[in-house]
Amino acid sequence: MNRLTFLLPLALAACQPAAPAAPPPLAGARIGGPFALTDGDGRPFTERNLLGHYSIVYFGYTFCPDACPTDMGAIAAGLKQVERTDPAIAAKVVPIFVTVDPVRDTPAVVKAFAAAFHPRAIGLTGTTAEIDRVAREYGIAHSIGAKSAGGYLVDHSRAAYLMGPDGKPIALAGQDGGPSAVAATIEKWVK
């Protein structure tokens, strides 16, 4: 085989345009939308506060005995992992905790809970009607469980969404896979 015959396919391949990037897994999904809640300082907080930033939006409640602290811990640890390897990318991401238990989760409570996981995490609460509305926008089911002398649990969906700076959904954050899965999602989709 002569050298030209070998190099010609390589040269032609190099002239081809790169394959387009695959669209994000949640591109076009009806997740997210307008909302009006209250942040940990008692100030109004809407989806407009997040425009221009990537966010990881997670719904839970502060009295949760296991899943919510585990999930928030994975989200925060994944973001901290990216902070060590690519601080510029990590700085673009804001972790958001939205309570599904607004009766117990006051602004001060959600602020302390979110801050316990990451210094830039924002805790959000609101009235029951406001929480129900935003939960529907994000496809989150939630309901108060059986009450007992020790209080009550709240059943809820455990999705964490990576949202783009335009407020559109990009991908599930992968908190079930632990910090490395969250970091991989951030590294893949945050530009």
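What tally of residues in the stretch 41-64 results from selecting those that are touching a residue at least 12 places away in the same chain (Cβ under 8 Å) and closer than 15 Å to V110 by Cα?
Taking the stretch 41-64 as the starting set, the residues that turn out to be touching a residue at least 12 places away in the same chain (Cβ under 8 Å) are 41-42, 45-47, 50-64.
Subset that is closer than 15 Å to V110 by Cα: 41-42, 45, 57-64.
Of the residues in that region, 11 qualify.
So if I check each of E130, E187, which one is within 17 Å of G32 (Cβ to Cβ) and part of a helix (DSSP H, G or I)?
Values: E187 fails: within 17 Å of G32 (Cβ to Cβ).
E130 is the lone residue from the list that is within 17 Å of G32 (Cβ to Cβ) and part of a helix (DSSP H, G or I).
Can you work out which of the residues in the stretch 31-89 that are of a type in the set (G, A, S) and part of a loop (DSSP other than H, G, I, E, B) is surrounded by the fewest Cβ atoms within 10 Å (Cβ to Cβ)?
Once the filter is applied, the top-ranked residue is G52.
Go through (1) closer than 17 Å to S55 by Cβ; (2) out of contact with any Lys or Arg (no Cβ under 7 Å at 6 or more places or on another chain) and name the single condition V190 misses.
(2)
Starting from residues that are aliphatic (A, V, I, L, M) and under 22 Å from G151 (Cβ atoms), keep the ones in the stretch 50-97 and report whichever is nearest to the chain's Cα centre (by Cα).
Step one: filter the stretch 50-97 for residues aliphatic (A, V, I, L, M), giving 50-51, 56-57, 67, 72, 74-77, 79, 82, 88-91, 93-94, 96.
Applying the additional criterion that residues be under 22 Å from G151 (Cβ atoms) yields 67, 72.
Details: A67: 15, M72: 10 Å.
The extreme case among them is M72.
Rundown of residues vs (1) touching a helix residue (DSSP H, G or I) at 6+ places or on another chain (Cβ under 9 Å); (2) under 17 Å from L172 (Cα atoms); (3) touching a residue at least 40 places away in the same chain (Cβ under 8 Å), yes/no style:
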{"site": "A114", "(1), (2), (3)": "yes, no, yes"}
{"site": "P119", "(1), (2), (3)": "no, no, no"}
{"site": "R136", "(1), (2), (3)": "no, yes, no"}
{"site": "Y152", "(1), (2), (3)": "no, no, no"}
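Just to be sure, is K92 of a type in the set (K, R), surrounded by fewer than 23 Cβ atoms within 10 Å (Cβ to Cβ) and under 22 Å from L51 (Cβ atoms)? Step through it out loud before you land on a result.
Numbers: of a type in the set (K, R): yes; surrounded by fewer than 23 Cβ atoms within 10 Å (Cβ to Cβ): yes; under 22 Å from L51 (Cβ atoms): yes.
Here the answer is yes, as K92 does meet what is asked.
Consider only pairs whose beta carbons are under 7 Å apart and that are at least six residues apart or on different chains; among these, list those whose first residue lies in the stretch 65-85 and is over 17 Å from V98 (Cβ atoms) and free of Cβ contacts under 8 Å to residues at least 40 places away in the same chain and whose second residue is part of a helix (DSSP H, G or I) and among the aliphatic types (A, V, I, L, M).
Matching pairs, first to second residue: E83/A90.
Do you know which of the residues in the stretch 105-122 that are in contact with a Ser or Thr (Cβ under 7 Å, 6 or more places away or on another chain), of a type outside the set (F, W, Y) and not in a loop (DSSP other than H, G, I, E, B) is surrounded by the most Cβ atoms within 10 Å (Cβ to Cβ)?
My answer is V110.
Give the number of residues within the stretch 143-184 that are within 24 Å of R48 (Cβ to Cβ) and either at pLDDT 95 or above or among the charged types (D, E, K, R) (or both).
So the count comes out to 14.
The values are calculated or read from the model by the stated rules, or taken from the named source; none is laboratory data. Bear in mind the structure is a predicted one, so any value in this text is a computation, not a measurement. Every residue, glycine among them, receives a Cβ derived from its backbone with ideal geometry; neighbour counts consider all protein chains shown.
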